[in-house]
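J.: Questions regarding the structure given below will be posed in turn.
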Amino acid sequence: MKKLIIFNWKMNPGSYGGAEKIFKAALELSRKTKKAEIVICPPFVWLESFSKLLKIKNYKLKAKLGAQDVFWEESGAYTGEISPLMLEYVKVDDVIIGHSERRKYLKETDEMINKKVLTALKSGLKVILCVGENLKIRRSGKKIVMAFVKKQLEKDLAGTKNLKLKTKNLIVAYEPIWAIGTGKPCNPEDALEVIKFIKQTLKAKSSNLKAVKVLYGGSVNGKNIESFLKYKQIDGALVGGASLEPKQFNKII
Ligand code: PGA
């Protein structure tokens, strides 16, 4: 099965020129690979132009566009927020929800994340849900890590049963917070263990979720990606920093 590679550019780069250059390089590569599906998540402001580029170049089926976040209402007095309808208008299919940087800097709670998940799913977007523990929890031992991740999944996906949530509407990314942007990735065997556990938890929640893809994220680069993706159960990677460097993402793809 093809591995899924999600590029999360975060709040980078600062200019449209720079963004277009990276985007086109990633599209070129995505056309050549048969081994990976690619979703590129740039900042909101570049989505519309990129969506037009995808159309013109007819790269459509090779790479897809994703957003880095979405709000939980479809419209209204919510200054600065972006709704699922707006994402659909610019032809975005996938959306990252619950990234640890939003949990940390914007104090997003599991309750807020759950509202976002429900609205995004109702609007037909595919949710890329990020979960993962901090260093303190990791140091407390595996059992505590698993219990923490399970709680996050329960809270973030509460109420999704009523929406008849299916495998194709959800992707989960296991992103231990201590591994994000630190250059210190999780040990692949430890990541595999948590990813297997996430899969079991989803399956136990609903038989509809037994084939949900679960990815690893946190300091993935061209050098270490193989050590994660060699495992059948790790369905792909969520890549931050390295997704902005053509040399790195060339190796990754
Ligand atoms: P990183 O980020 O690859 O720069 O560690 C991953 C992420 O935040 O999704």
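The values are calculated or read from the model by the stated rules, or taken from the named source; none is laboratory data. Here the structure is a predicted model, which means the values were calculated and not measured. Methodologically, a virtual Cβ is constructed for each residue, glycine included, from the backbone with ideal geometry; neighbour enumeration extends over all protein chains shown. Note: accessible area is taken over every heavy atom of the protein model, side chains too, but ligands, DNA and RNA are not part of it. Shrake-Rupley method; radii C 1.70, N 1.55, O 1.52, S 1.80 Å.
J.: So with the 1.4 Å probe, I'd like the accessible area per residue for the chain, rounded to whole Å².
T.: Per-residue value: 50 Å².
J.: Place +1 on the Cβ of every Lys and Arg and -1 on the Cβ of every Asp and Glu in the chain, take the dipole about the Cα centre, and give the residue among ILE38, LEU53, GLY66 whose Cα lies farthest towards its positive end.
T.: Ranked along the dipole, the leading option is ILE38.
J.: Using only the Cα atoms of the stretch 47-162, construct the convex hull and provide its projected area averaged over every direction, in square nanometres to one decimal.
T.: 8.8
J.: Something else: Which one, ILE144, ILE171, ALA158, projects farthest toward the positive side of the charge dipole computed for the stretch 143-188 from Cβ point charges (K/R +1, D/E -1)?
T.: After comparing all options, I get ALA158.
J.: Could you pull out the trypsin sites (Lys or Arg not before Pro) across the stretch 40-89 that fall in loop regions by DSSP (anything but H, G, I, E, B) with no more than 13 other Cβ atoms inside 10 Å?
T.: Passing sites in the stretch 40-89 are LYS60.
J.: Taking only Cα atoms of the stretch 21-96, what ratio of Rg to Rh do you get with Rh as the Kirkwood inverse-distance radius?
T.: Rounded to two decimals, Rg over Rh is 1.02.
J.: Around MET112, with a cut-off of 15 angstrom between Cβ atoms, what is the net charge of the other residues, counting Lys and Arg +1 and Asp and Glu -1?
T.: Net of charged neighbours comes to -1.
J.: Search the structure for amide H atoms under 5 Å from the amide H of PHE7, placed 1.01 Å from N in the peptide plane, and list their residues when 5 or more places away or on another chain.
T.: VAL39, ILE40, CYS41, VAL239
J.: Further question on the same structure: Calculate the tail of P(r) for the chain: the fraction of all Cα-Cα distances greater than 35 Å, expressed in %.
T.: That fraction is 8 percent.
J.: Between the stretch 5-23 and the stretch 186-213, how many Å separate their Cα centres?
T.: What the calculation gives is 30 Å, centre to centre.
J.: Could you order the peptides 204-210, 4-10 from most to least packed, using the average number of other C-beta atoms within 10 Å per residue?
T.: Sorting 204-210, 4-10 by mean packing, highest first, produces 4-10, 204-210.
J.: Considering only protein heavy atoms and a 1.4 Å probe, what is the carbon-and-sulfur percentage of the accessible area of the chain?
T.: Taking all protein chains in place, the chain shows 55 percent carbon and sulfur surface.
J.: With charges set only on the Cβ (+1 for Lys and Arg, -1 for Asp and Glu), what does the dipole of the stretch 132-188 come to about its Cα centre, in debye to the nearest 20?
T.: Using Cβ point charges on Lys, Arg, Asp and Glu, the stretch 132-188 gives about 200 debye.
J.: How high is the relative contact order of the chain, in percent, counting Cα pairs under 8 Å that sit 6 or more residues apart?
T.: Over the chain, the number comes to 20 percent.
J.: Dipole magnitude of the stretch 13-98 about its Cα centre, charges +1 at Lys/Arg Cβ and -1 at Asp/Glu Cβ only, in debye to the nearest 20?
T.: In total the dipole reaches around 880 debye.
J.: Moving on. Ignoring everything except DSSP H segments at least 4 long, calculate the 222 nm mean residue ellipticity for the chain; use -39,500 (n - 2.57) per segment, divide by total residues, nearest 500.
T.: One gets -12500 deg cm²/dmol as the mean residue ellipticity at 222 nm.
J.: Here's a follow-up. So what are the stretch 114-253's ellipsoid semi-axes, whole angstrom, largest first, if each one is the square root of 5 times an eigenvalue of the alpha-carbon gyration tensor?
T.: Working from the Cα gyration tensor, I get semi-axes of 25, 18, 13 Å.
J.: Hey, another quick one. Among PRO185, PRO13, LEU85, whose Cα projects farthest towards the positive end of the dipole of the chain, with charges put on the beta-carbon of Lys, Arg (+1) and Asp, Glu (-1)?
T.: Highest projection toward the positive end goes to PRO185.
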